[in-house]
Structure formats: structure tokens, C-alpha cells
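In what follows, a structure is listed as C-alpha cells, so that the remarks can point back to it.
Just so it is clear, none of the values below were taken in a lab; they were calculated from the coordinates. As the structure is a prediction and not an experimental result, all values here were calculated from the model. Note that we place each Cβ from the backbone using ideal geometry, even for glycine, and neighbour counts take in every protein chain shown.
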Amino acid sequence: MIGIIVLLASIIACTQLIASARAGIPVYRSTRPIAQGESLGPHNTVIIDARPESTAYLPGGELPSDAQATINIGAGELIARSAITTEAQKNRRNIVISVSDGLPDTVTPGTSLELWFVPNQPIGTQEAPKPSIVTKDATLVKVLGESGILAGQGSLRIEVRFNVTDISKILESAHGNGTLSAVPVGL
């Protein structure tokens, strides 16, 4: 009788061990081909348990209601975080710029920034140039460091994310006759 109980206990323990080893994490998978720009939802995705060995895939329950595909997704593919966007993200762009004054040590990726343009002082004038705001809605993506001929002169290359409506102002300022400064908001 004791032998049968030990045998049944070992079978149950072995079955649970194998089941837990096979278990995965819930992630999204496409149920059919999805075209770039198409909305994502229950009509074309399903949550499955998988072992993707990466955090690059969108976990189950985290699909935004206004999600859209940024690339073509094949039928049965796991959906990567980078393969989706939302309406708010669609109107944002990234650009690398050089700022003249560096950034405080407390600034980290995700910090909100204002970008200011300071024109160079015209030759022969005594009046200091007036700074003007380029955008109040930039976000620091990452700091790339000093580089090129400006290295060591206080110029810093940063990647920022901003609203698409500010593209012309930012490009004009970045290539204009003056300098850009990034000012952290709320720090």
C-alpha cells in the first residue's frame, strides 16, 4: 500500500514539474496577416502562453485600445512591442541634436524638455540676442555624449522625441546661426 502511495505521489509531482517547465508567459500573437497601419485588437490578435526568451514581445493584457501595427505582421507571429504604436505616438518623431549647455546629472531618459534657440550675436552690435522657445514638448530619449569638432566645448548630442508639428522649427534651429539649449521641465 505504501509503495502505491509513493508511486502515485511521484507521478503527480512529475506531471506538475513537467507542466510548469512547459508553461510560458502570456503574449500576443496575430491570428491572421496584419498590414502596417491596421488597428490591433481581439479581431486579429489572441493571447497565448509562450516562452519567447525575450522581453521584446508585448505581454498579454498590455495592448492599448488604439494600437496600430507599425510593420506588416504575418499570421501566427508573436507581436513585438516595437511593432505597435498608438495614435498619440504616431504624431511623434525622434531626432538627434546638439545642445550647447549640457544637461544636469538628474536628467534621465523620459525627462520632459523645453528646447530653446539662442541666435549668435550679430557682428558690430552691443545688444545680446534674445532666446526663443522652439518647443515645450520634447522628451529625452538618450544622451549620446560629446562628439566631433565640438567635443570638449560643452556641446552635447542628445536624442529627443517631439511632436511632428515642431519638425520645421527644430530643424531650422539646429541648423541655424546660433545654438540650441535643452532645459529640463519640472526638475
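Once both labels are positioned 7 Å from their Cα atoms along Cα-to-Cβ, the gap between Q89 and E114 label points is 2.9 nm. Of the residues F162, N94, A67, the one whose Cα sits farthest toward the positive end of the charge dipole of the chain, with +1 on the Cβ of Lys and Arg and -1 on the Cβ of Asp and Glu, is A67.
With kT/(6 pi eta Rh) evaluated at 4 °C and eta = 1.567 mPa s, and Rh the Kirkwood radius from Cα pairs, the range 1-84 diffuses with a coefficient of 88 µm²/s according to Stokes-Einstein. Remark: C-alpha extents of the chain on the principal axes read 104, 38, 30 Å, sorted largest to smallest. In a reduced charge model with +1 at each Lys and Arg Cβ and -1 at each Asp and Glu Cβ, the chain shows a dipole moment near 380 debye about its Cα centre.
Extending 7 Å from Cα along the Cβ direction at A75 and again at S10 yields two label points whose distance is 4.6 nm.
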